[in-house]
Every structure is written in C-alpha cells, then in structure tokens.
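Read through the structure below, which is laid out as structure tokens, and then see the notes.
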C-alpha cells in the first residue's frame, strides 16, 4: 500500500509518502514547507495567522493526495502544537478547514519513534540518539538496541533563534546565552546524569543541515561522521559577522537554503550536547520520527 505521513513540526511541515510491502517501507517522495510555527506562538498561544498558514499547507497536501487517490494518511504534530495553550481549538479548526485529523504525539512518543527508526538504520547496539527540532530536543540513551532513558527537552533551533538572536546570524554573546540555556536543560535531565557517549547519532533537520554544511566547508571523505570539534568551528565561523562574504553566502544557500536562519542556533544546542556527554563525533542518520511511527503504529513489527 501507499502511505502518506504528515509531520507538523515547529519549523517545518512535511508530507512523506512511502510504499509498504511485507513489513518493509520504501520512501517514495517528500513535500515540505518551512512554516516556522514556533514563531507564531504568542504567550504559548498559536496565533490565527499561524493557523491560516498551516491550513494552507495542509490543503495543498490534501489536493496532491486526492489527485493520486492516496487514502492512507496519518498526520501528527510534535512540539509545535503539543506545547500551545489553545491546541484543542487549533485541532478543531484544522479539521474544519482541511478534514484532516491531526494527532498530537507526546515528547516521550516522539523520542520512542526516533529510537525505533534510528536503530533500524545504524549498526551500533548502544549510544545516544539526538533529534534537535524547532522547539524541542529528544534524547534517547540505548544499550543492546533497547532504550534505557528517553526525554524531550523544551529547546530547539527556531525557538532559540526567536528568543535570543537579534539579527540573521547570532553574535558571540547570543551564542553564550543559548549555550547556557542548553546546558541548564541538559543538567535538569537527571536520568542522563553521568552518562557518557563517545558517539552521538543525530537525526532530523538540524543534523541534516550540519552534514550538508560540513561537507560544503571541509569536503570530507564519503562518510556520515562529523568530528565534534568541527561543530564548534562552524559556529565560530558564522558568529559576529557584520555581513556575509561571497563564499559564505554561496555555502549557506547551496547547503542549508531552508535553515540559514536556524542552523547556528541548532548547532549551538548540538555543541552543548556533545560537551555534556563528552562525545567525540556525530553520525547522521536520515531516518526519524515518521519512519519510526510507521514501524511502531502501522507495520507493528
């Protein structure tokens, strides 16, 4: 069968389409819009302009699915709607305008789906899995392919960009503020106290952007590992810039066109995580919450 998954995140709204055969999934295509819902939150309430933008995107997706007669659709939202005060009213308005039932998945569920997907795509039996989203960050520590601790922390790339950055790129003072908050949140995750992990498995848009930017800047050999020290170098490279030079403009537009404004705040969170867990490198995996949802809730095997 053909299955569509709509993932409403704090930064991006994506629709991914898969073919499912004999408990195996084959990715077919993806459509996405950088909606930036976290920026439409006012006192933890999603504004009507944010609802309008979201419904516009969802109706576009619906038209696409109708043309190809794809009836199997699951839509879920993460921190974008999970944390807003008016989420029930928003869900009702979405259904009224689009006829799409959107499920809110908890931070615990999101971390679980991330874990299920990632452990199917990497060979490592133990480690720390990290997904930095627009408004939340999920951590899963696992051993022998079984998770030991999981948590969703209220920090993300778009949220940090909105809260701390006075310009398109943050300055060193703003980097310091973001780093301090990230370390506070990590230290509050008491279940992870004392855990060290030489390698971090990174999934989601921030790490996809990191990998693309790293390749563009350093032209590494064909692997998906990023040394920890290179993340700090990338952050320093783009900090305190009065204006971007020609080469940096091309670098950003070519490698992170949709995340130019959020990539450094996201990498600041990643750098804090690396320091907290004394990690030496990041392995990027392109599987994530959508694939984990399919394995857990649709295939169930």
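Scoring residue 124 on the criteria (1) in contact with a helix residue (DSSP H, G or I) (Cβ under 9 Å, 6 or more places away or on another chain); (2) in the same structural domain as residue 283 (by TED's automatic domain parsing); (3) loosely packed, with under 15 Cβ neighbours inside 10 Å leaves a single failure, condition (1). Of everything in the range 245-263 that is touching a residue at least 24 places away in the same chain (Cβ under 8 Å) and part of a loop (DSSP other than H, G, I, E, B), the residue that is nearest to residue 217 (Cα to Cα) is 256. Exactly one residue among 71, 26, 52, 22 is free of Cβ contacts under 8 Å to residues at least 40 places away in the same chain, over 24 Å from residue 138 (Cα atoms) and touching a strand residue (DSSP E or B) at 6+ places or on another chain (Cβ under 8 Å), and that residue is 26. Take the conditions (1) at negative phi; (2) out of contact with any strand residue (DSSP E or B) (no Cβ under 9 Å at 6 or more places or on another chain); (3) in contact (Cβ under 8 Å) with a residue 60 or more places away in the chain; residue 278 misses just one of them, which is (1).
Selection of strands (runs of 3 or more DSSP E) fully inside the range 1-114 by the criterion of at least 2 residues being under 19 Å from the mean Cα position of the chain (by Cα) and surrounded by fewer than 17 Cβ atoms within 10 Å (Cβ to Cβ) returns 24-33. Kindly indicate whether any position in the range 224-238 is touching a strand residue (DSSP E or B) at 6+ places or on another chain (Cβ under 7 Å), in a helix (DSSP H, G or I), touching a residue at least 12 places away in the same chain (Cβ under 8 Å) and assigned by TED's automatic domain parsing to the domain that holds residue 134. For the range 224-238, residues touching a strand residue (DSSP E or B) at 6+ places or on another chain (Cβ under 7 Å), in a helix (DSSP H, G or I), touching a residue at least 12 places away in the same chain (Cβ under 8 Å) and assigned by TED's automatic domain parsing to the domain that holds residue 134: present. Assess whether residue 290 counts as being at pLDDT 90 or above, over 23 Å from residue 220 (Cβ atoms) and buried (at least 21 other Cβ atoms within 10 Å of the Cβ). Against the criterion (at pLDDT 90 or above, over 23 Å from residue 220 (Cβ atoms) and buried (at least 21 other Cβ atoms within 10 Å of the Cβ)), residue 290 qualifies. The residue that is surrounded by the most Cβ atoms within 10 Å (Cβ to Cβ), among those in the range 185-214 that are part of a helix (DSSP H, G or I) and in contact with a helix residue (DSSP H, G or I) (Cβ under 7 Å, 6 or more places away or on another chain), is 206. Per this entry, residue 271 is counted among residues that are at pLDDT 95 or above, on the phi < 0 side of the Ramachandran plot, surrounded by 14 or more Cβ atoms within 10 Å (Cβ to Cβ) and not in a loop (DSSP other than H, G, I, E, B).
Residues in the range 135-161 that are modelled with pLDDT under 90 and out of contact with any strand residue (DSSP E or B) (no Cβ under 7 Å at 6 or more places or on another chain): 135, 143, 144, 145, 146.
The values are calculated or read from the model by the stated rules, or taken from the named source; none is laboratory data. Note that the structure is predicted; figures quoted are calculated from it, not measured. Please note: Cβ atoms are built from the backbone with ideal geometry, for glycine as well, and neighbour counts cover all protein chains shown.
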